[in-house]
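A.B. asks: A single structure is presented below for examination.
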Amino acid sequence: MAWQWFHRLGSPRWFYEKTNPWLPWLAIVSISLIVAGAVWGLAFAPADYKQGNSYRIIYIHVPAAFLALAGYYIMAISGAVGLIWKMKLPYMVMKSAAPIGAVLTFISLVTGSIWGKPTWGTWWEWDARITSMLILFFLYLGMIALQQAYQHRDTADKASAVLALVGMVNIPIIYKSVDWWNTLHQPATIKFTSKSTIDPSMLYPLLIMVIGFYCFYALVLLLYTRAEILRRESRTQWVNDLVATSK
Amino acid sequence: MKFQFESVADFIVMNGHGPYVWAAYGITFTALIFLLVSPLLQKKAFIKQQQKLQKLAKANPEAQGAD
């Protein structure tokens with residue numbers, strides 16, 4: 001009995017129907033948090049005493065980088081669950097996480113580069129943090145390419161799950177890069193174990209943005225996964241009925 | 001909490017950092033909108049394509065299952 005939820009979770013149809021009512025709520029919450037956080041961060045948070053106004057990029061750079069990393073965990077863990085329990089749904093989640101992660105990594109690289117110009121005087125530096133994030137970007141692109149490289153769905157899923165798991169070695173490197181090497185990139189601002197090195201007036205909008213980005217990620221991951229479910233289950237009766245009744 | 005700039009023009013210029021800040025936000029929001037719209041379009045395209053197939057199957061029932 002206790003395991004029933006787990007097996008249900010493996011059913012694409014059950015997932016599709018259960019997640020439907022969550023979508024509007026996630027949309028409302030994520031869009032309002034992101035808009036509120038952006039307005040607060042851009043117009044009402046004080047300017048940084050050293051960096052001036054360019055630091056306002058932090059409000060999109062940090063949440064995007066957080067989700068680029070969290071998204072990689074989600075992708076690798078889904079791949080592992082798919083490999084171990086031979087379930088269909090986790091593979092669909094894994095495949096859906098790849099383009100989202102790629103876009104979020106792209107955002108953190110580009111905003112970081114733009115922020116670097118007025119702050120460090122350069123658009124790009126082969127610094128440990130930046131280079132390991134670039135590798136993360138290529139891992140996501142590799143996942144997308146690998147999904148399309150095989151004729152067989154099964155082979156593609158297994159191969160990309162293995163790639164996702166192997167790529168996990170990059171994650172601690174990204175986290176620790178600012179401590180292990182002398183980098184231009186500043187160390188973590190928000191700390192869970194000690195006091196954060198940021199004033200509350202700047203921290204609150206940042207936290208709002210981070211929560212907003214998490215909700216947005218959940219929303220978009222659901223949307224991609226649901227589209228993937230329909231494509232992969234296109235021969236089943238329930239999808240046929242759904243197609244026939246939709247306008 | 002108060003508005004940190006003297007005027008709207010001041011807000012846009014941001015002491016010279018405006019182009020950087022606005023470019024970063026512009027690129028980010030464009031990318032986020034892409035992430036939101038692209039799965040919705042995929043779903044729409046799938047349903048349209050399947051509806052076409054269902055229509056074809058209805059028009060000649062003998063061909064069913066022969067894809």
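The values are calculated or read from the model by the stated rules, or taken from the named source; none is laboratory data. This structure is a prediction, so every number in the text was calculated from the model and none was measured. Quick reminder, even Gly has a Cβ in these numbers, built from the backbone with ideal geometry, and neighbours come from all protein chains shown.
A.B. asks: Hey, does the stretch A:102-124 have a residue that's modelled with pLDDT of 95 or more, more than 24 Å from A:Ile171 (Cβ to Cβ) and not basic (Lys, Arg)?
C.D. replies: yes
Residue-wise test of (1) within 9 Å of chain A (Cβ to nearest Cβ); (2) part of a helix (DSSP H, G or I).
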| position | (1), (2) |
| --- | --- |
| B:Phe3 | yes, no |
| B:Ala31 | yes, yes |
| B:Val37 | no, yes |
| B:Lys55 | no, yes |
| B:Glu62 | no, yes |
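A.B. asks: Follow-up. Of all residues in the stretch A:19-76, how many are of a type in the set (D, E, K, R) and assigned to a helix (DSSP H, G or I)?
C.D. replies: Final tally of qualifying residues: 1.
A.B. asks: Which count do you get for residues in the stretch A:209-247 that are over 28 Å from B:Lys52 (Cβ atoms) and without any contact (Cβ under 8 Å) to a residue 40 or more places away in the chain?
C.D. replies: 0
A.B. asks: While we're here: Taking B:Asn15, is it closer than 23 Å to A:Gly112 by Cβ, over 31 Å from the mean Cα position of the chain (by Cα) and surrounded by fewer than 17 Cβ atoms within 10 Å (Cβ to Cβ)?
C.D. replies: yes
A.B. asks: Separate question: Look at the stretch A:136-147 and say how many of its residues are buried (at least 17 other Cβ atoms within 10 Å of the Cβ) and either over 25 Å from A:Lys86 (Cβ atoms) or among the charged types (D, E, K, R) (or both).
C.D. replies: 2
A.B. asks: Please go through the stretch A:1-40 and give me each residue that is small (Gly, Ala, Ser) and at pLDDT 95 or above, ordered by number.
C.D. replies: Listed by number, the residues that qualify are A:Ala27, A:Ser30, A:Ser32, A:Ala36, A:Gly37, A:Ala38.
A.B. asks: Using the structure shown, decide if A:Ile229 is under 30 Å from A:Lys176 (Cβ atoms) and either crowded, with 17+ Cβ neighbours inside 10 Å or among the hydrophobic types (A, V, I, L, M, F, W, C) (or both).
C.D. replies: No.
A.B. asks: A follow-up question, please. Scanning for something over 30 Å from A:Ala43 (Cβ atoms) and either of a type outside the set (A, V, I, L, M) or at pLDDT below 95 (or both), does the stretch A:199-221 turn up at least one residue?
C.D. replies: Scanning the stretch A:199-221, I find no residue that is over 30 Å from A:Ala43 (Cβ atoms) and either of a type outside the set (A, V, I, L, M) or at pLDDT below 95 (or both), so the answer is no.
A.B. asks: Residues of the stretch A:184-204 being free of Cβ contacts under 8 Å to residues at least 24 places away in the same chain and either in contact with an Asp or Glu (Cβ under 9 Å, 6 or more places away or on another chain) or assigned to a loop (DSSP other than H, G, I, E, B) (or both), which ones?
C.D. replies: Those that are free of Cβ contacts under 8 Å to residues at least 24 places away in the same chain and either in contact with an Asp or Glu (Cβ under 9 Å, 6 or more places away or on another chain) or assigned to a loop (DSSP other than H, G, I, E, B) (or both): A:Gln186, A:Pro187, A:Ala188, A:Lys191, A:Phe192, A:Thr193, A:Ser194, A:Lys195, A:Ser196, A:Thr197, A:Ile198.
A.B. asks: Within the stretch A:36-51, which residues are at the interface with another protein chain (Cβ under 7 Å from one of its Cβ atoms) and free of Cβ contacts under 8 Å to residues at least 12 places away in the same chain?
C.D. replies: Correct list: A:Ala43, A:Ala47.
A.B. asks: Step by step: first the residues of the stretch A:207-233, then only those that are β-branched (Val, Ile, Thr) and more than 8 Å from every other protein chain (Cβ to nearest Cβ), then the one that is farthest from the chain's Cα centre (by Cα). Which residue is that?
C.D. replies: For the stretch A:207-233, the residue satisfying everything is A:Ile229.
Per-residue answers, yes or no, for (1) within 14 Å of another protein chain (Cβ to nearest Cβ); (2) surrounded by fewer than 22 Cβ atoms within 10 Å (Cβ to Cβ); (3) in contact with a Phe, Trp or Tyr (Cβ under 8 Å, 6 or more places away or on another chain); (4) over 26 Å from A:Leu203 (Cα atoms):
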residue: A:Leu67; (1), (2), (3), (4): yes, no, yes, no
residue: A:Tyr91; (1), (2), (3), (4): no, no, no, yes
residue: A:Lys117; (1), (2), (3), (4): yes, yes, yes, no
residue: A:Ala149; (1), (2), (3), (4): no, yes, no, yes
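A.B. asks: Is it the case that some residue within the stretch A:125-143 is over 30 Å from A:Leu230 (Cβ atoms), in a helix (DSSP H, G or I), at the interface with another protein chain (Cβ under 10 Å from one of its Cβ atoms) and of a type in the set (Gly, Ala, Ser)?
C.D. replies: Among the residues of the stretch A:125-143, not one is over 30 Å from A:Leu230 (Cβ atoms), in a helix (DSSP H, G or I), at the interface with another protein chain (Cβ under 10 Å from one of its Cβ atoms) and of a type in the set (Gly, Ala, Ser), which makes the answer no.
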